[in-house]
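K.L.:
The structure is given below, and queries will be raised subsequently.
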Amino acid sequence: MQRYSRIWWLSILLSSVVTGGVSFVLLTLLTALPIEKVLVISALSILIGDIVLALAMEAIAPTHVKVGPGDRRLDAELPSEPAFALTDFDEFGHGQVLARGETWQARQSDDYSGRIAAGDRVQIVCREALTLIVRAWNGS
């Protein structure tokens, strides 16, 4: 599940409705608390439940690319994989690409002299820190 996607927010909304509804019904049926206190307790249970759910989703969310301490360049991780340009690359060869479902900063490889436009399929040559080095897709 992609972080902050529509599904992510719908999960939080569903959690809020269920947590708030169940806590409100149980508190009104099983206690003699005034309605104001029931609403405050229900709101707190929604807040705590949403925080716990968000943290749990972050903990189990798949991370596509891991960068370890001191890992600045790893040639074998993404090379030769296809990606798609999300933006037109500027005159300095910088832009953004979508690779493995994630948006990356990218730079054209030094051996490619053409311009990459938004929507073009590109080939990942290597990764330097958090920047992918790409060139036009050669079809192989």
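K.L.:
Within the stretch 33-55, how many residues are exposed (fewer than 11 other Cβ atoms within 10 Å of the Cβ) and either in contact (Cβ under 8 Å) with a residue 40 or more places away in the chain or touching an Asp or Glu at 6+ places or on another chain (Cβ under 9 Å) (or both)?
P.N.:
Count: 0.
K.L.:
Could you tell me whether any residue of the stretch 19-38 is in a loop (DSSP other than H, G, I, E, B), at pLDDT 90 or above and closer than 16 Å to Ala136 by Cβ? Steps first, please.
P.N.:
First pass over the stretch 19-38, keeping only residues in a loop (DSSP other than H, G, I, E, B): 31-34.
Next cut, at pLDDT 90 or above only: 31-34.
Filter once more, keeping what is closer than 16 Å to Ala136 by Cβ: none.
Within the stretch 19-38, none of the residues are in a loop (DSSP other than H, G, I, E, B), at pLDDT 90 or above and closer than 16 Å to Ala136 by Cβ.
K.L.:
What number goes with the only condition from (1) surrounded by 12 or more Cβ atoms within 10 Å (Cβ to Cβ); (2) closer than 22 Å to Ser5 by Cα that Gly119 does not pass?
P.N.:
Condition not satisfied by Gly119: (1).
K.L.:
Can you tell me which residues in the stretch 96-131 are of a type in the set (A, V, I, L, M, F, W, C), part of a strand (DSSP E or B) and at pLDDT below 90?
P.N.:
Keep residues of the stretch 96-131 that are of a type in the set (A, V, I, L, M, F, W, C), which gives 97-99, 104, 106, 116-118, 122, 124-126, 129-130.
Applying the additional criterion that residues be part of a strand (DSSP E or B) yields 97-99, 104, 106, 122, 124-126.
Passing the criteria: Ala99, Ile124, Val125, Cys126.
The values are calculated or read from the model by the stated rules, or taken from the named source; none is laboratory data. In this text, all values refer to a predicted model and were calculated from it rather than measured experimentally. Note that each Cβ is placed from the backbone with ideal geometry, even for glycine, and that neighbours are counted across all protein chains shown.
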